[in-house]
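Asks: After the structure tokens below, expect a handful of questions from me.
Every read-out reported here was derived from the displayed coordinates using simple, explicitly stated rules and does not represent laboratory data. On a predicted model such as this, the values are computed, not experimentally measured, just so you know. Every residue, glycine among them, receives a Cβ derived from its backbone with ideal geometry; neighbour counts consider all protein chains shown.
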Amino acid sequence: MKCSLCLLEFDDKVKEDGLIVQELYGGQDKEILKDIHICQECAKKERIRVAVEKFTPLFDNIFNAVNRSEIREEQITAIVFLINRMHRTIQNDFMMVIQRILYEYGKGSGNAMYEDPRNQWALTFAKKAGQV
């Protein structure tokens, strides 16, 4: 049996991800999906692709606001207000996700492929903040 995306044969090294088809295409006709098999590596890439699609509008709005310097004291106060409205456990989970995002972003610190003088401070900050 082969991965439907990369066409590699499943073996000890290339393992199938049995959840990805149902997770991403669960609403489809099960008869059509029965012959679709995706390896773990392709499934990871597909999950990232779907997440990028999902989060792009949110981040476009955030970065457009930041780029135009629209995030002022009032907006920051409003964001903090919205965070404080959440259940305390969700607040904690939210901050843990932010920390993980900072950690992943900060891993680019010192790497010329990700860092230049324009974002050096941000990567250095994220690397430190994410390690807390």
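Asks: List the residues of the stretch 27-62 whose backbone N lies under 17 Å from a point placed 7 Å from the Cα of Lys13 along the Cα-to-Cβ direction.
Replies: Label zone hits: 39-42.
Asks: Which entries in Lys13/Lys54; Lys13/Lys127; Lys2/Lys44; Lys2/Lys107; Lys13/Lys34 show an alpha-carbon gap greater than 27 Å?
Replies: In this structure, Lys13/Lys54; Lys13/Lys127; Lys2/Lys107 exceed 27 Å between Cα atoms.
Asks: Relative contact order (percent) for the chain, with alpha-carbon contacts under 8 angstrom and 6 or more residues of separation?
Replies: That works out to 16 percent.
Asks: Can you give the Kirkwood hydrodynamic radius of the stretch 86-132 from its Cα pairs, in Å with one decimal?
Replies: Answer for the stretch 86-132: a Kirkwood hydrodynamic radius of 11.1 Å.
Asks: While we're looking at this one, here's another question. Using DSSP to define loop residues, name the GluC sites (Glu not before Pro) in the stretch 32-132 whose beta-carbon has at most 13 other beta-carbon atoms within 10 Å. Before the final figure, lay out each step's value.
Replies: Values: sites: Glu41, Glu46, Glu53, Glu70, Glu73, Glu74, Glu104, Glu115; in loops: Glu70, Glu115.
Of the GluC sites (Glu not before Pro), the ones in loops of the stretch 32-132 whose Cβ has at most 13 other Cβ atoms within 10 Å are Glu70.
Asks: Which whole number of Å³ per residue matches the convex hull of the alpha-carbon atoms in the stretch 18-93?
Replies: 144 Å³
Asks: What do you get for trypsin sites (Lys or Arg not before Pro) in the stretch 1-70 restricted to DSSP loop and a cutoff of at most 14 other Cβ within 10 Å of the site's Cβ?
Replies: For trypsin sites (Lys or Arg not before Pro) across the stretch 1-70 that sit outside H, G, I, E and B with at most 14 neighbouring Cβ atoms in 10 Å, the list reads Lys13, Lys15, Lys34, Arg68.
Asks: If we count other beta carbons within 10 Å of each Cβ, what is the order of Ser69, Ser109, Ser4, fewest first?
Replies: Arranged by neighbour count, lowest to highest, Ser69, Ser109, Ser4 become Ser69, Ser4, Ser109.
Asks: Averaging over all projection directions, find the projected area of the Cα convex hull of the chain and quote it in nm² with one decimal place.
Replies: For the Cα atoms of the chain, the hull's average projected area reads 12.2 nm².
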